[in-house]
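Read through the structure below, which is laid out as C-alpha cells, and then see the notes.
The values are calculated or read from the model by the stated rules, or taken from the named source; none is laboratory data. Everything numeric in this text was worked out from a predicted model, so none of it was measured. Every residue, glycine among them, receives a Cβ derived from its backbone with ideal geometry; neighbour counts consider all protein chains shown.
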Amino acid sequence: MPRELANERLGATTAAAAALALVAACASAQDAPPAQPPAAAPSLGAAVAARLDDADPVVRGEAALLAALDATPAVEAKLLALAKDEQPAARLRACIALGHCHRDAALDALIIGLGDGARGDDDAVAAAFGLGLAGDLGEAAIARVLVAAEHGNWKRRRDVVLALLLGLQRDAGPTATTALRRAFDDDSNRDPEVRALLLARLVVHDHDLDDKALLRAIERGAPGERLATLHGLATNARAVGGKLLAEVLRLAEHTLEDAAHAAALATLARLSHPQAPALAAKALRTGGPAAASEGLRVLRRLDGAEALRAVTAQLLSERNPARAAALLAAYEAPPPPALRDRCAELAADAANPPALRAAAAVLLARAEPARGAPLALALFRCTDATDALASLAKALLRDPAGAPPARATLPEGVDLGHATTRWSALLAAGHAEALELAVKAVAGDATVAPPLAALRALRAAFVLPAPAHSATPATLQRLLAVVDDER
C-alpha cells in the first residue's frame, strides 16, 4: 500500500539524475557556480567577520570560506593569518578560501601550502584546490604542480592533481594549458579520472588539440574520457568533421551509455547536422533519461510546437519512470491542461519514484502555482535527495499565498540546526526569511540554530556546495561536507 505523502522519505537519486550529473561534471570540474548572494544583507558580512575569531576551529574555517566571497583588505589579512592556524580545521578551509581572493599575497600563501609540489598531505590538497580556484593568477604554480606529477608520480600525487583540476573552473592561461596537455600526453598517466578532468579542460582551451587525439579519447578512452570529449564538442565552437564526426554520429545512434548518447546528440544539434532531428526523435522514444531529455531540447529548437505536442502525448502514457522524470524536467514550455493533471497525479502518488514526483511537482508549480507549490512543499519536507531539494525549493516559493515560513518547510520535529541541506536550498532559491534567520544565527542567536549550521548553509548556497564529483579527494569531501546534524 502507498505510504502517506507526509510520512514518505524520498530515496536515492535515479539513473536519470546520475547521468545528467555526470554530463555536468564534465562541463565544469567543480559543480555549477552557486547562486549569487543577495546584496540586501549588510549585517551578514560583519557577523561572518566576527566568526573568524571564533573559539571553534571549524567555525573559523567555515567563516573564512564565506568571508572570502567579498573580502576587504582587513578580512583578507585575517584569512592569511588563518592559513597558518595551528588547527587543521581552520587552516585548510582558509587555504581554500584564499583561492577566491585573486590577489598576489593569497597566491603566495597557496604556493607555500603546496610545498615543493611533491607533497600529498591535507595541506597540499587544500592549497591545490585553492590554486585551481585562483585560475590564471596562479598559472605558473598550476604548471609546476602538473610537471611535478609527470613521469610515473601520478599515483603518489593523485589527490593533489585531482584537487587542482576540480578547482580549476576557467581558463588558467597558456602556460597552464601547455602543462595540462603535457600531463594528458604523459604515457605514465593512466588514471581515468585524472585524464577525464584534463580532457574537460583541454577540449575547451587547447586549440591545438587535434581531431586525432579527440577521436582516440572517444574510441579508446574510459567512459569519463569519452564523455568529457563529447561534452566539450557539444558546448564549444570547435569544428567537427571526418572520422570524428562519423564517430559522434555512431554514438548518437548506437551507444548504450546514456550520458554519452545525450552529449553526442547535443553535438549534432550544435552542428545543425541533418540527421539530428531523426536521432533526437528516436532518443525521445527509446533513449535513456539523459538522451531522451536532450532529444526533447534538440527537437524544441528545431521543431518547436510540433515537438512539444509529440512529447506531451508521450508523457501522458510514458511507463518508464526515469525517462518520464527527465522529460518533465526538460519540458520548458507551459504544459497543457491534460499534462498538468497528469503532473498532479504523479506528484501526489507516493508509489512513484522520488525524481518523478519532484519533476512533476516542479513543472506544475511553474504552470499553475496555486496547485503545484503545495505539492512541492510537501515533497521538500520529506526528501533527503539533494538534487530534488534545489528544484523543489524554487517551486515552493511560487505559491501565490506567499513563501512558507522557513521552519514550516522542515520535517516534523526537525529544527534548522539539523536541516542544513534544506536551509541551504532555501537560501539558494531566494527565501528571504531563511536568509534573515541565517544572519541571526551567525550573529549568535541561539534560538535559531548554532552558528556552524548557518555558516555551512550559507557557504553551500553561495560559495562552494558539497562536492559531488566521484573523484573528489577525501580531504575535500571532509572539509566541504554539508552535515545536517550540527552541534
Original post:
If a residue has to be under 19 Å from LEU256 (Cβ atoms) and part of a helix (DSSP H, G or I) to count, how many in the range 279-320 make the cut?
Top reply: 15
Subject >> Options LEU215, LEU245, LEU197: the member that is more than 21 Å from PRO289 (Cα to Cα), aliphatic (A, V, I, L, M), touching a helix residue (DSSP H, G or I) at 6+ places or on another chain (Cβ under 7 Å) and surrounded by fewer than 20 Cβ atoms within 10 Å (Cβ to Cβ) >> reply: LEU215
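Okay, residues lined up against (1) touching a residue at least 40 places away in the same chain (Cβ under 8 Å); (2) within 26 Å of the chain's Cα centre (by Cα):
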site	(1), (2)
VAL48	yes, yes
PRO57	no, no
ARG60	no, yes
ALA64	no, yes
LEU82	no, no
ASP85	no, no
LEU98	no, yes
ALA106	no, yes
HIS151	no, no
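Taking the condition part of a helix (DSSP H, G or I), surrounded by fewer than 20 Cβ atoms within 10 Å (Cβ to Cβ) and more than 22 Å from the chain's Cα centre (by Cα), does PRO374 pass? Please lay out each step first, then the result.
On the way: part of a helix (DSSP H, G or I): yes; surrounded by fewer than 20 Cβ atoms within 10 Å (Cβ to Cβ): yes; more than 22 Å from the chain's Cα centre (by Cα): yes.
Yes: the conditions hold for PRO374.
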**OP:** Answer yes or no: is there a residue in the range 104-111 that is under 23 Å from ILE142 (Cα atoms), of a type in the set (Val, Ile, Thr) and modelled with pLDDT of 95 or more.
**Re:** no
Original post:
Mind checking whether some residue in the range 376-385 is of a type in the set (S, T, N, Q) and within 20 Å of ALA329 (Cβ to Cβ)?
Top reply: yes
Original post:
Residue check: is ALA228 surrounded by fewer than 18 Cβ atoms within 10 Å (Cβ to Cβ) and among the small types (Gly, Ala, Ser)?
Top reply: no
Subject >> Single condition GLU412 does not satisfy, out of (1) modelled with pLDDT of 95 or more; (2) farther than 30 Å from GLY224 by Cα >> reply: (1)
**OP:** Could you list all residues from the range 146-189 that are surrounded by fewer than 17 Cβ atoms within 10 Å (Cβ to Cβ), among the basic types (Lys, Arg) and at pLDDT 90 or above?
**Re:** ARG182
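Which one of THR267, THR312, THR255, THR286 is farther than 20 Å from GLU219 by Cα, in contact with a helix residue (DSSP H, G or I) (Cβ under 6 Å, 6 or more places away or on another chain) and of a type in the set (S, T, N, Q)?
Values: THR267 fails: farther than 20 Å from GLU219 by Cα; THR255 fails: farther than 20 Å from GLU219 by Cα; THR286 fails: in contact with a helix residue (DSSP H, G or I) (Cβ under 6 Å, 6 or more places away or on another chain).
Within the list THR267, THR312, THR255, THR286, the selection yields THR312.
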Original post:
When only residues in the range 214-270 that are part of a helix (DSSP H, G or I) and of a type in the set (Asp, Glu) count, which is farthest from ARG190 (Cα to Cα)?
Top reply: GLU253
Original post:
So which helices (runs of 4 or more DSSP H) stay within the range 87-181 end to end and still have 1 or more residues that are farther than 20 Å from ARG459 by Cα, small (Gly, Ala, Ser) and out of contact with any strand residue (DSSP E or B) (no Cβ under 7 Å at 6 or more places or on another chain)?
Top reply: 104-114, 122-134, 139-148
Original post:
Taking helices (runs of 4 or more DSSP H) that do not extend beyond the range 385-487, which have at least 1 residues that are among the hydroxyl-bearing types (Ser, Thr, Tyr)?
Top reply: 386-396, 420-429, 474-480
Subject >> Condition broken by ALA333, with the remaining ones in (1) of a type in the set (A, V, I, L, M); (2) crowded, with 17+ Cβ neighbours inside 10 Å; (3) outside any helix (DSSP H, G or I) satisfied >> reply: (2)
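Taking the conditions exactly as written (aliphatic (A, V, I, L, M), at pLDDT 90 or above and either under 26 Å from the mean Cα position of the chain (by Cα) or crowded, with 17+ Cβ neighbours inside 10 Å (or both)), does LEU308 satisfy them or not? Explain how you work it out, then say what you get.
Details: aliphatic (A, V, I, L, M): yes; at pLDDT 90 or above: no; either under 26 Å from the mean Cα position of the chain (by Cα) or crowded, with 17+ Cβ neighbours inside 10 Å (or both): yes.
So LEU308 fails the test.
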Original post:
If you go through the range 133-142 one residue at a time, do you hit one that is surrounded by fewer than 20 Cβ atoms within 10 Å (Cβ to Cβ), in contact with a Leu (Cβ under 9 Å, 6 or more places away or on another chain) and either touching a residue at least 12 places away in the same chain (Cβ under 8 Å) or within 27 Å of LEU180 (Cα to Cα) (or both)?
Top reply: yes
Original post:
Can you find even one residue in the range 459-467 that is free of Cβ contacts under 8 Å to residues at least 40 places away in the same chain, within 22 Å of the chain's Cα centre (by Cα), under 24 Å from ASP121 (Cβ atoms) and surrounded by fewer than 21 Cβ atoms within 10 Å (Cβ to Cβ)?
Top reply: no
